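Undergrad: Once you've had a glance at the structure underneath, I'll fire off some questions.
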Amino acid sequence: MSGAPGMSDASAEVAQRMAEAAGTWLDSLDPGQREVAVGPAPGADGETEAERTRWFYTPTDHGGLTFHEQRPAQHRMVMRLVASGLSEAGYTTVATVLGLENVLDRVEGFSVDWGRERTRDPGLYYLRVFGEPGGPGPWGWRFGGHHVSLNNLVVDGRVVATTPCFLGADPAASPLLGGTALRPLGAAEDLAGELVRSLHPDLTARAVLLPTAPNDVVAGNSSWVRDRVLRRRELWRRGGHVPDRADHPVTGLNDADQRALALTREPRGVPGSELDTGQRELLRALLGTYLGRVPDSVSPLSCYDDPAALDAVHLAWAGSTAAGEPHYYRLRGPRLLVEWTNVHRGANHAHAVWRDPEADFGGDVLAAHHATHHP
């Protein structure tokens, strides 16, 4: 689900805020900046869409204008646009993830070198606008860098897509003064762990598809969710950093284990219909940690107030169910795919992505728009 039905007026308000913020930013750019910052309107042609739907969550070139290529006043305009597409909690989380690049640099001893001036770099986040904000045609924007990918599409004056929406955290937990911890994605981990550990043994046996957790989310950064094995090189823009074991599966699994976790048409795991009342409340709250990233008026979260919608959400798990151990989970239902993994750095490096398998990037609405207006 890319947006909540029945909320077109409120969705239009979000779209207007996006257009105002994007327009202000674009007006501040010089010709050289604009050349990098602006892409063709969504759906213009296949090549254009190939770039708009090419997304990353690794520290690679995401396409667009970086903070380094802008003045501080423009940085603020970028963040205003980012905020327009997020809830207050979502914005705070994204801003925290950007700052974690400095924490990660310290964790790695300020020593990682991929041949650029700084490897762990909070200035390497990219913004690109596609089309004309607020104009009559479809337009969208993409913001991303290491552990952030936000993709938004506006058609006929309303926000119709907010996925793929990826957030990560490395480290997933960092010490703060007073003995507390900074855990930007902590609720998404804790609620899922509480839910799986609450299952009856028979349900646990069905929910846990594999005793080993994959190294990364199964769908990776595929443009469209489908059952195929992604390779590590696909997580990076060509011409940039080349990962180790570039031709290995992103999951690090062998063929048999890969099949056990494959994204089949029929969801695997335990459906919400077999959970008790308390477990269903945990499932609903867990969904909120993903679908609540965006403003209420463009979030499908309220759809899960319908018991039938929650019934259809399946929980699947891989790896240990013990707290603090490497693990993976996913939530799968109609127009819903959530994936989480926390494996590396001693289970202290989290990836958490929300997708609409049928309409990421707003492909369904965009196709209908062009069929109506450009037959």
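Undergrad: What is the spread of the Cα atoms of the range 205-252 along each of their three principal axes, largest first, in whole Å?
TA: So the extents along the principal axes, rounded to whole Å, are 44, 23, 11.
Undergrad: Provide the per-residue ³J(HN,Hα) series for the range 20-36, in order, calculated from phi with Karplus coefficients 6.51, -1.76, 1.60 and θ = phi - 60°, each as a whole number of Hz, with x at glycine and proline positions.
TA: 5, 5, 5, x, 4, 5, 4, 5, 7, 7, 7, x, x, 5, 4, 4, 7
Undergrad: Between the range 126-183 and the range 262-306, what is the separation of their alpha carbon centroids in Å?
TA: 20
Undergrad: Please name whichever of 137, 253, 11 sits farthest to the positive end of the charge dipole of the chain, dipole taken about the Cα centre and charges placed at Cβ: Lys and Arg +1, Asp and Glu -1.
TA: 253
Undergrad: Let's see if you can work this out: charge +1 on each Lys and Arg Cβ, -1 on each Asp and Glu Cβ, no other charges. What is the dipole magnitude of the chain about its Cα centre, in debye to the nearest 20?
TA: For this selection, approximately 540 debye.
Undergrad: On average, how much accessible surface per residue is there in the range 282-341, in Å², for a 1.4 Å probe, leaving out ligands, DNA and RNA?
TA: Here the per-residue accessible area is 28 Å².
Undergrad: Could you work out Rg/(2.2 N^0.38 Å) for the chain, with Rg from alpha carbons only? All intermediate terms of the calculation are to be shown ahead of the outcome.
TA: Values: Rg = 20.1 Å, N = 375, 2.2 N^0.38 = 20.9 Å.
In units of the 2.2 N^0.38 Å rule of thumb, it is 0.96.
Undergrad: Still on this model: Using the heavy atoms of the protein chains and a 1.4 angstrom probe, tell me the accessible area per residue for the range 65-147 in square angstrom. Don't jump to the answer; show the numbers that get you there.
TA: Numbers: 3660 Å² over 83 residues.
Accessible surface, normalised per residue, equals 44 Å².
Undergrad: What do you get for Rg/Rh over the range 71-209 if you use C-alpha atoms and the Kirkwood form of Rh?
TA: Result for the range 71-209 is an Rg/Rh of 1.06.
Undergrad: Could you please tell me the mean projected area of the C-alpha convex hull for the range 240-375, averaged over all directions and given in square nanometres to one decimal? Working shown, then result.
TA: Numbers: hull surface 49.0 nm².
For the Cα atoms of the range 240-375, the hull's average projected area reads 12.2 nm².
Undergrad: Is the range 164-298 best put as rounded, prolate or oblate by its Cα gyration tensor, with a ≥ b ≥ c the root eigenvalues, rounded for a/c under 1.5, and otherwise prolate when a/b is larger than b/c, oblate when not?
TA: It comes out oblate by the Cα gyration axes.
Undergrad: Let me spell out the model: positive unit charges on the Cβ of Lys and Arg, negative unit charges on the Cβ of Asp and Glu, origin at the Cα centre of the range 236-319. What dipole size does that give, in debye rounded to 20? Kindly include the intermediate steps, with their values, before the conclusion.
TA: Details: 9 positive and 12 negative charges, 92 e Å.
Charge dipole of the range 236-319: 440 debye, to the nearest 20.
Undergrad: Ordered by residue, what ³J(HN,Hα) values in Hz, to whole numbers, does the range 284-299 give under the Karplus form 6.51 cos²θ - 1.76 cosθ + 1.60, where θ = phi - 60° and Gly and Pro are x?
TA: In residue order, the calculated couplings are 4, 5, 4, 4, x, 6, 9, 6, x, 5, 9, x, 3, 6, 10, 9 Hz.
Undergrad: Compute the convex hull volume of the Cα atoms of the range 35-112, divide it by the residue count, and report the result per residue in Å³ as a whole number.
TA: 133
Undergrad: Then there's this: Where Rh denotes the Kirkwood radius from the mean inverse Cα pair distance, what is Rg over Rh for the range 1-134? Present the calculation step by step, with values, prior to reporting the outcome.
TA: Working: Rg = 16.4 Å, Rh = 16.6 Å.
The Rg/Rh ratio comes out at 0.99.
Undergrad: Using +1 at the Cβ of each Lys and Arg and -1 at the Cβ of each Asp and Glu in the range 178-248, identify which of 204, 240, 230 lies farthest towards the dipole's positive end.
TA: 240
Undergrad: To the nearest 20 debye, what charge dipole does the range 117-251 have about its Cα centre, counting +1 at the Cβ of each Lys and Arg and -1 at the Cβ of each Asp and Glu?
TA: Approximately 360 debye in magnitude.
Undergrad: For the chain, with all protein chains present and a 1.4 Å probe, just round the carbon and sulfur fraction of the accessible area to a whole percent.
TA: Carbon and sulfur: 52 percent of the exposed surface of the chain.
Undergrad: Could you sort the peptides 336-348, 20-32, 276-288 by per-residue average Cβ neighbour count (10 Å cutoff), highest mean leading? Can you show the working numbers first?
TA: Working: 336-348: 21.5, 20-32: 15.7, 276-288: 17.4.
Result, highest mean first: 336-348, 276-288, 20-32.
Undergrad: May I pose another question? Local charge sum around residue 295 (other residues, Cβ-Cβ under 14 Å, Lys/Arg +1, Asp/Glu -1)?
TA: Result for the neighbourhood of residue 295: -1.
The values are calculated or read from the model by the stated rules, or taken from the named source; none is laboratory data. All of these numbers come straight from a predicted model, not from anything done at the bench. Neighbour counts run over all protein chains shown; Cβ positions are idealised from the backbone, glycine included. These accessible areas exclude ligands, DNA and RNA; they are computed on the full protein's heavy atoms, side chains included. Shrake-Rupley method; radii C 1.70, N 1.55, O 1.52, S 1.80 Å.
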